[in-house]
Amino acid sequence: MRRWWWVALLAIAALIEFLRWPRGGDDGGPVRGSAGTGSGQQVSGAPGSSSGPRATLMPSWTATRGLPGKRIAGIVTFEGARVAGATVRLTSWFPEAPEIVQTTGANGAFDFDVWSPPGYMISANAPGRVGVSQWVDLRDPTVKPSSDALELKLLGCAATLSGHVLDSSGGPIEKARVVLAGTRVETDRAGAYTVCASRGTATLRVSADGYGGVHLFIGLMGPLSRDVVLVPEITVLGRVIRAADGVAVPDAVVTISPAGAWGPDGPNAVSAVTDADGRFRASGIPPGQLTATALADGLVTEAQVKATAIVGQSPPDLTIRMIGVVRIRGKVLGAGKPIAGAKVVAIRKSPLAHSRDSITQADGSFELEHVLPGELVFKVTPYEVLSPANIVVKTDRDEVVIEVASLGVIAGRTLRDKKPVPRVEVRVIGGGEDIVVTSDDQGHYEAKGLAAGTFKLYPHAKEVGAFGGETQVVLKAAERKDNVDLDVPFGATIDGKVVDQEGKPVANVYVRYMLANGDLGESETGPDGSFHCHSMTGGGPYHPEVFPTRALQNAFPWAKPPVGIPLADGASRVEGVVLAVNIVRLGIRGRVVDDSGAAVADARVRAQPMGKQGAPTFASWLRLPSAVSDANGAFVIPDLPEDQYAVEARAPDGSEGIRSPAKPGGSPVEIVVQRAAGIDGTLVGFTETPVVYAQSRKDTSRFASAQLDGGTFTFRGLSAGPYTVTAQSTNE
């Protein structure tokens, strides 16, 4: 029970990282390098060279105004030794961005020359090693090591992820790109892949030419199997203009994001840059509902544009209107002295909006771009803002002075058996904060920016499969407490294999061992059915259950009853356990059709036990057993426990249908999707453009945002039922 919040926290963190506001500033000199594309077409360059076509990764306006360029260079190492032949990639912040590729020489070095701020993502990869990636912020004058002395440290292969990339008919997709953290591989002719990985959690991203890309949230503690189904891509066309006069906006960065994909898995976002006429073309997008936004020099999207894209239909042709923003310049001072290396963000109170961040320089100066006018507050990390409490901004502002005060710090080491444990995640709760910091390679951690109060610290060593209990720390105002060492003693493990009633291995199922007091160890099975349940406290017998997924708490019946496993303490190790379950290999099969009987392709189909309350609610964030319908509308959800299920189908256009009951191994079921609904309306009395959204009253976790066009709004792709519609501007 004490680890569920880690799963939720990491899923939310992955989602926030995926949707976060672009980092950086504005204007300045062009970025430089030999550019490839995010779709895998790359141009190589020798270390220190500038071979290949000179190009920009980003429009020149994205470079931070007034700051000099810096060299990005360093070495790739493994266990302290330099790695020759490693692939090093440099890319920018927007989805599917072009990238620069180099290969390290005999000395393991790379050199990408000089680049303009704000920053870039750099990654290194080598066969048989776990890749690494990190954000290099060229704005921060306090960061160490400097951008020209980087060390990208590859890790050993502690876990593996393997599987197949398939189309909806089950056919293999060759040369699909599979990316896990900094590790990249391509599928073979059979669509198979294997990725070397660290233990812990990460986001798996899969894409292929001609298909829409997807991402999946993965937890790895050993061998894991995960097949990925891709559907044909759609292309989105459009034009970006200024709302005030209709003039085209060149060099705008357009981001196309899936609408309503709130969960650990979902479609990837993609981006494109407009040409001289403000036109753009974006591909690699899965069919379905989408939103489009743009960012340009001094401009932001007036209101996100929504559309539905279906394979075989004409591509959407969108018009994105942009409005002007303001710029704020100033200094951050603490006790009258300049503060360097602080992150400054302006936050509009209503409707809530964040500016792009800025990093203060040696003289405390900052410049905030893309600030929406209104009543603002400043957030300066890791400090407390003393003044101004708020500020109303309608036009550009200069010489804004932000006074800050130092906050508290908790620091120490993460240990196991009195030895440092690297890369341990420490959750810090208290004083209005709920943050996670990670210890470095020597086991040192530091939590900064903490107000006075009582804090609870929880360490989780995901790479070794262990955790520690709660540590309480009381901080006074601006107090620093060092030597708060955190132990991770609880790491008992049970290793084994899951087989079916015929003795064949069962891959990709969820295994849980639980103690009577609620302590548990969990794992998903690998291709050979192996599992590694970990992070247990010990202290009694643990009893197993096997489920199709973590979210589907409906256990497989036992083919052979298991026995409890006694674990004495957090250092206990048990191996060689075999769990035999009964499963129905055929699962639930059927077709998805619309109300005319026509097949519905590319529908996502999910199954969930009906339970005592009848048909369940299919929350979007639940990872349930699922499949994608093929061109004939056919689907199969295999390997389910015998039970009565409800089966939901959701088509790319938002049409939905539920069929119940359905039984594994029974007759094929037909799911009829109900055509998606819509809401049209008018805005009356608003003096500025509001945010308009609808909340389902049947499933309050579902929200939809409206497409705005002058004084009207529309919602499309809604499931049938009652909704509450809300509109809100800054003051209305």
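Read-outs throughout are calculated quantities, based only on the coordinates presented, and are distinct from any laboratory measurement. If you're wondering where the values come from, they're calculated on a predicted model, not measured in any experiment. Every residue, glycine as well, gets a Cβ built from its backbone with ideal geometry; the counts of neighbours run over all protein chains shown.
Report relative contact order for segment 531-686 in percent, whole number only (criteria: Cα-Cα under 8 Å, sequence separation at least 6).
Numbers: 335 pairs, mean separation 37.4, N = 156.
The normalised contact order for segment 531-686 reaches 24 percent.
Using the Karplus curve 6.51 cos²θ - 1.76 cosθ + 1.60 with θ = phi - 60°, what ³J(HN,Hα) values do you get for each residue of segment 65-73, in whole Hz, with x for Gly and Pro?
So the Karplus estimates, Gly and Pro as x, are 4, x, 9, x, x, 9, 6, 10, 7 Hz.
Sorting check: for 120-129, 711-720, 472-481, which peptide has the highest mean count of neighbouring beta carbons within 10 Å, and how do the rest follow? Walk me through the intermediate numbers first.
Numbers: 120-129: 20.4, 711-720: 17.4, 472-481: 14.2.
My ranking of the peptides, most packed first, is 120-129, 711-720, 472-481.
Between Asn107 and Val311, 0.36 nm times their residue separation minus their Cα-Cα distance comes to what?
Details: separation 204, 0.36 × 204 = 73.44 nm, distance 4.88 nm.
Residue separation times 0.36 nm, minus the Cα-Cα distance, leaves 68.6 nm.
Given the options Leu450, Ala282, Val178, identify the residue whose Cα lies farthest towards the positive end of the charge dipole of the chain (+1 on Cβ of Lys, Arg; -1 on Cβ of Asp, Glu).
Value: Leu450.
Note down the magnitude of the dipole of segment 348-434 about its Cα centre, charges +1 on Lys and Arg C-beta and -1 on Asp and Glu C-beta and zero elsewhere, to the nearest 20 debye. Present the calculation step by step, with values, prior to reporting the outcome.
Numbers: 12 positive and 14 negative charges, 139 e Å.
The dipole magnitude comes to about 660 debye.
Taking the Cα centre of the chain as origin and charging only Cβ (+1 Lys, Arg; -1 Asp, Glu), how large is the dipole, in debye to the nearest 20?
Details: 72 positive and 76 negative charges, 132 e Å.
Using only the charged Cβ atoms, the result is roughly 640 debye.
So which cysteines of the chain have no other cysteine's Cβ under 4.7 Å from theirs?
Lacking a cysteine Cβ partner under 4.7 Å: Cys533.
Between Lys476 and Asp495, what length in nm is gained on full extension when 0.36 nm per residue of separation is reduced by their alpha carbon distance?
Numbers: separation 19, 0.36 × 19 = 6.84 nm, distance 4.54 nm.
Stretched fully, the Lys476-Asp495 segment lengthens by 2.3 nm.
If packing is taken as the average number of other Cβ atoms within 10 Å across a peptide's residues, how do 492-498, 415-421 rank, most packed first? Spell out each step's value before the answer.
Working: 492-498: 22.7, 415-421: 14.9.
The most tightly packed comes first, giving 492-498, 415-421.
Sort 131-140, 677-686 by the packing proxy (mean of other Cβ within 10 Å over each peptide's residues), most packed first.
On the way: 131-140: 19.6, 677-686: 11.9.
Highest-to-lowest ranking by the protection proxy: 131-140, 677-686.
Determine the sum of side-chain charges near Asp111: Lys and Arg each +1, Asp and Glu each -1, restricted to other residues whose C-beta is under 11 angstrom from that of Asp111.
Details: positive: Arg71; negative: Asp113, Asp148.
Here the charged neighbours net out to -1.
Evaluate the relative contact order of segment 455-552 (contact order divided by residue number), counting alpha-carbon pairs under 8 angstrom at least 6 apart; express in whole percent. Please list the in-between numbers first.
Values: 193 pairs, mean separation 24.5, N = 98.
Computed over segment 455-552, the figure is 25 percent.
With n ≥ 4 as the cut-off for DSSP H runs, can you work out [θ] at 222 nm for the chain, using -39500 (n - 2.57) per run divided by the number of residues, rounded to the nearest 500?
Details: 1 runs with 16 residues, N = 732.
Per the formula, -500 deg cm²/dmol.
Among Val311, Leu718, Gln553, whose Cα lies farthest out toward the positive end of the dipole of the chain, if unit charges sit on the beta carbon of Lys, Arg (+1) and Asp, Glu (-1)?
Working it through, the farthest residue towards the positive pole turns out to be Gln553.
With a Förster radius of 41 Å, plug the Cβ-Cβ distance of Val247 and Arg71 into 1/(1 + (r/R0)^6) and report the FRET value to the nearest 0.05.
Between Val247 and Arg71 the formula returns 0.60.
Work from the charge dipole of segment 597-726 (Cβ charges, +1 for Lys and Arg, -1 for Asp and Glu, about the Cα centre) and give the residue of Ser705, Gln608, Ile671 farthest towards its positive end.
Result: Gln608, furthest along the dipole toward the positive end.
Using Cα-Cα distances under 8 Å and only pairs 6 or more residues apart, what relative contact order does the chain have, in percent? Show your work: numbers first, answer last.
On the way: 2174 pairs, mean separation 56.8, N = 732.
Reported relative contact order: 8 percent.
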